[in-house]
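Working notes, structure below.
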Amino acid sequence: MSGLKNKLVKVAEEIDFSGVAYVEENQESFFFQNGYANKQDKLAFDKHTRFGIASGAKIFTAVAIAKLVEQGQLDFQSKLTDCLSIAFPHFHQDVTIHNLLTHTSGIPDYFDEEEMDDFEELWQTLPMYRVRSGADFLPLFQDKKMMFPPGERFHYNNAAFIVLGLVVEKLAGEPFAAFVQEHMFDPAEMTEAGYFAFDKLPANTAIGYIKDEDEYRSNIYALPVRGGADGGVYVSASDMARFWDALTQHKLLNAELTEELLKPHVKVDEETSYGYGIWIKKDAGKIKKYYVVGFDPGVSFHAAYYPESKRKVVVPSNHGAGPFYMVQAIEE
């Protein structure tokens, strides 16, 4: 990994990167940090700093569903109507768990990333301080009409993962965060991970920042107080590396279900497919990497696992952009 630090210093300066980059390969690790976890107090990042990871958390929801499949409580082809008694008056009766996991359900979204670009607009009708559970998101999409019939096409959908979180709660009989803690964070030894509330953040958690012209403000009024199953997790970079280890070593799911999770279920473009809660990049027909990404106001994230080398790369940031370019530099 010689020379990597100088390369990342240059990129970080060019893009005003704030966050960390963590790489593990061949029992070696590399840690890089730039910027501040708290700008006002000039607190630097360290290996244990927690970051919000936005949609990077969808993989945990997918693993939670797969764990319920492993327990025999449902099947990937189970219909949503057989799993939840919540009324969705306009949802198609044939929407399956598989559809929800692969963004092919066609259900209405509460934040359609192909149509909207300002996440803060959501809270004009539903105050963000009232959103503390998956059920609290329902007024944003529950009564809307389907976008297309289930299975017709890929269309990224945050609400689908909110619904999956509600399925986990119903079948497991416990809060979603508790189920993930028990079946993922604990066995993977992710000691800094959790679904924390904005008004109860633990020590050493990076504050997210939004840039307004030449100044930064915190993202406290831009996101729900507590995120849902579509993106409410905080992790440290080393936590995420441990997750990749636990997943690929079958500590979270058996080999058959791990393979199903990582299978390219839906083709997104010539190089990219989507599994269950995870992106898959191919090169010359061979899987080059598995990865998860996340973007929210004051949050950006990219974490990747490269199966051939078993390399793990984790880049969280408390700015709204940056990890893509850092990962690109690491991959060069």
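Since every read-out is calculated from the coordinates, none of them should be taken as a lab result. The structure presented is a predicted model; accordingly, all values stated were derived computationally and were not measured. Note that each Cβ is placed from the backbone with ideal geometry, even for glycine, and that neighbours are counted across all protein chains shown.
Points worth noting:
- By other beta-carbon atoms within 10 Å, ranking Ser55, Ser133 with the fewest at the front produces Ser133, Ser55.
- In Hz, Karplus ³J(HN,Hα) per residue of region 50-67 (6.51, -1.76, 1.60; θ = phi - 60°; x = Gly, Pro): 8, 10, x, 10, 6, 5, x, 7, 4, 4, 5, 5, 5, 5, 4, 5, 4, 5
- Only the Cβ atoms of Lys and Arg (+1) and of Asp and Glu (-1) were treated as charged; on that basis the dipole of the chain about its Cα centre amounts to roughly 600 debye.
- Straight-distance candidates among the aspartates and glutamates for linking to Lys310, with alpha-carbon spacing under 15 Å and chain neighbours fewer than 8 residues away dropped: Glu24, Glu25, Glu28, Asp245, Glu331.
- As a proxy for reagent exposure, Phe111, Phe91 were ordered by neighbouring Cβ count within 10 angstrom, fewest first; the result is Phe111, Phe91.
- Think of the chain as a dipole: +1 on every Lys or Arg Cβ, -1 on every Asp or Glu Cβ, centred on the Cα centre; then among Ile15, Val63, Tyr209, Val63 lies furthest on the positive end.
- Straight-line cross-link reach from Lys39 at under 27 Å between alpha-carbon atoms covers these lysines, not counting any fewer than eight positions away in the same chain: Lys5, Lys7, Lys10, Lys47, Lys200, Lys211.
- Inverse of mean 1/r across different Cα pairs in the chain, Kirkwood, Å: 20.1 Å
- The calculated pair-distance distribution of region 172-233 uses every alpha carbon pair, bins of 10 angstrom beginning at 0, and gives 18, 44, 27, 9, 2 percent.
- For region 128-276: rounded, prolate or oblate by the Cα gyration tensor [a/c cutoff 1.5]: rounded
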